[in-house]
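Colleague: This structure is in structure tokens; I'll ask about it shortly.
The values are calculated or read from the model by the stated rules, or taken from the named source; none is laboratory data. A quick note: this is a predicted structure, and the numbers were derived from the prediction, not measured. Using ideal geometry, Cβ is built from the backbone for each residue, glycine included, and neighbour counts are taken over all protein chains shown. Just so you know, the surface numbers come from the protein's heavy atoms only, side chains and all, with ligands and any DNA or RNA stripped out. Shrake-Rupley method; radii C 1.70, N 1.55, O 1.52, S 1.80 Å.
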Amino acid sequence: MRQKIQRSMTLVITTTLLVTFALLTLVVYRQNVAAMEDEMKQEADYICKAIEIAGTGYLDEMDEVRRSTRVTWIDRDGKVLYDSGDGQDEMENHANRPEVREAFGSGEGQDIRRSDTIKQEMFYYAKQLSDGTVLRVSKTMASALGSAMQILPVLAGIAALMILFAWLLSKWQVSKLIEPINKLDLEHPLENDVYEELTPLLESMDKQNKEKEAIANMRKEFSANVSHELKTPLTSISGYAEIMMNGLVKPEDVRGFSERIYNEASRLIVLIEDIIRLSKLDEGGVEVEKEEVDLYSLTREVCSRLAHKAEKHSVHVEVSGEPVSVVGIRQVLNEMIYNICENAIKYNKLGGKVDVWVGRTLKGVKVIVTDTGIGIPEDQQERIFERFYRVDKSHSKETGGTGLGLSIVKHGALLHNATIHVDSSLGKGTRMELTFGKEKADKGQVS
């Protein structure tokens, strides 16, 4: 970037100098032409006055004095009476020359054109004398151009020095410009006091740093939680197995110990399955092929599978609503509804009730699960979708939850552009609304 900026600055300065010098040469040339015009008009006035005073003899004497200016005397018919360059007898009629014709009409005239005689660009000025004849003076334009071109070597030298100076200046300036960028503290972008134009970039970097830090902390916490959650059932399994291996269990108690090992192993399998499922949702590893799914029919199937668990907890489950369809991934939708309904059963009161309603509303298709359970404290309602978070930690072993169910629900909602709304009162129950809107409903926002 340093070299690009330096080349760009040098190119701009060089181009500016070249354009300036070209314009300067043109201005000098135009000034020389203007000065030459004034000089020739003044010279013509002097010659005309001298002819009127001294007669035609003045022209003969002038031949030996000056040869840089060509003088031509033309009568009223256009015949050349005198020419300082060629004999007048050999010259054609000049009546149709632009400057001569103009002088006959208005008293004076001028023209710039290429001379057929000397093959050069010439400036012609003609003036009418009092006797009606016309005196014309002419001079090559090479003198004006030559004067302008004489300054080119000087300008070229100045240009070379200026370009060298511009290159050195741009090198120094680029170093000064780049220095604050090279010293940026990328770990703390907003603490840098640099150019205002870099503020959006630094704010974006700071946001990314915070996101990376949050993700790193979340992974660290997740790893710690996974280790803890896996260690608990494994410790139980290992302990029971060790007791049985050492023959410390009575024959009549073997069945009970085996059942405990089986339950802990089942809990471990469920936990691992949930972790794998959540990892797939995180990494987008779920099949993205979507289909039309009847939510009402799916919900009834889910509640049928949970009937045994509801009976075990003495909870009555009732499903109502109407057939409605959404486009989504059936497996993920199944897990979302299953986890919400399972929580409503597990964290309910003895003899409690779970009402599940599926149907269409003005905001879109909804699945509403209402229970008469233990409820969620208001200060914890935003945290229930965190991984491994449990409202009632003392009750978790009893219910056999992994703490990942609602995290799966949240990720599923994100995948289906759905929203989750939680309304709960401690000791009175919880109401969860899962809304599948036609529009993007804040992409799985939890409220």
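Colleague: Quick one: Karplus J couplings for the stretch 336-351, per residue in order, coefficients 6.51, -1.76, 1.60, θ = phi - 60°, nearest Hz, x for Gly and Pro?
Modeller: After applying 6.51 cos²θ - 1.76 cosθ + 1.60, I find 4, 5, 4, 5, 5, 5, 5, 4, 4, 7, 5, 9, 9, 8, 4, x Hz.
Colleague: Please report the Cα spread of the stretch 177-217 along all three principal axes, rounded to whole Å, starting with the longest.
Modeller: That gives 36, 17, 13 Å along the principal axes, largest extent first.
Colleague: Which sequence of 174, 327 reflects their accessible areas, 1.4 Å probe, from the largest down? Provide the component values of the computation, followed by the final result.
Modeller: On the way: 174 0, 327 100 Å².
I get 327, 174, largest accessible area first.
Colleague: My understanding is that a pair violates if its Cα-Cα distance is over 25 Å; which of 366/410; 210/410; 210/363; 220/290; 290/366 do that in this structure? It would help to have the intermediate numbers written out before the result.
Modeller: On the way: 366/410 15 Å; 210/410 22 Å; 210/363 34 Å; 220/290 33 Å; 290/366 18 Å.
Checking Cα-Cα distances, 210/363; 220/290 exceed 25 Å.
Colleague: I've got another one for you. Roughly how much of residue 311 is accessible, in Å² to the nearest 10, using a 1.4 Å probe?
Modeller: Answer for residue 311: close to 140 Å² accessible.
Colleague: Which entries in the list 183/207; 176/207; 312/353; 309/353 go over 22 Å, if you measure between the two C-alpha atoms of each? Before the final figure, lay out each step's value.
Modeller: Values: 183/207 20 Å; 176/207 28 Å; 312/353 13 Å; 309/353 13 Å.
Long pairs (Cα-Cα over 22 Å): 176/207.
Colleague: Can I ask one more? How much FRET efficiency would the formula 1/(1 + (r/R0)^6) give for residue 314 and residue 209, where r is the Cβ-Cβ distance and R0 is 51 Å, rounded to 0.05?
Modeller: Numbers: r = 52 Å, r/R0 = 1.01.
Plugging the Cβ-Cβ distance into 1/(1 + (r/R0)^6) gives 0.50.
Colleague: 7 Å from Cα along Cα→Cβ at both residue 52 and residue 378: what's the point-to-point distance in nm?
Modeller: 11.3
Colleague: Where the Cα atoms of the stretch 10-57 are projected onto their three principal axes, how long is each span, largest first, in whole Å?
Modeller: Answer, in whole Å and largest first: 65, 12, 6 Å.
Colleague: Additional query: With θ set to phi - 60°, apply the Karplus curve 6.51 cos²θ - 1.76 cosθ + 1.60 along the stretch 198-207 and write out the HN-Hα couplings as whole Hz, x wherever there is a Gly or Pro.
Modeller: Running phi through 6.51 cos²θ - 1.76 cosθ + 1.60 with θ = phi - 60° gives 8, 4, x, 5, 5, 5, 5, 5, 5, 5 Hz.
Colleague: Working with all protein chains in place, sort 121, 196, 37 by solvent-accessible area computed with a 1.4 Å probe, largest first. Can you show the working numbers first?
Modeller: Working: 121 85, 196 150, 37 40 Å².
Descending accessible area places them as 196, 121, 37.
Colleague: Provide 407, 320 ordered by accessible surface of protein heavy atoms (probe 1.4 Å), highest first. Don't jump to the answer; show the numbers that get you there.
Modeller: Details: 407 0, 320 50 Å².
So, going from the largest accessible area down, we get 320, 407.
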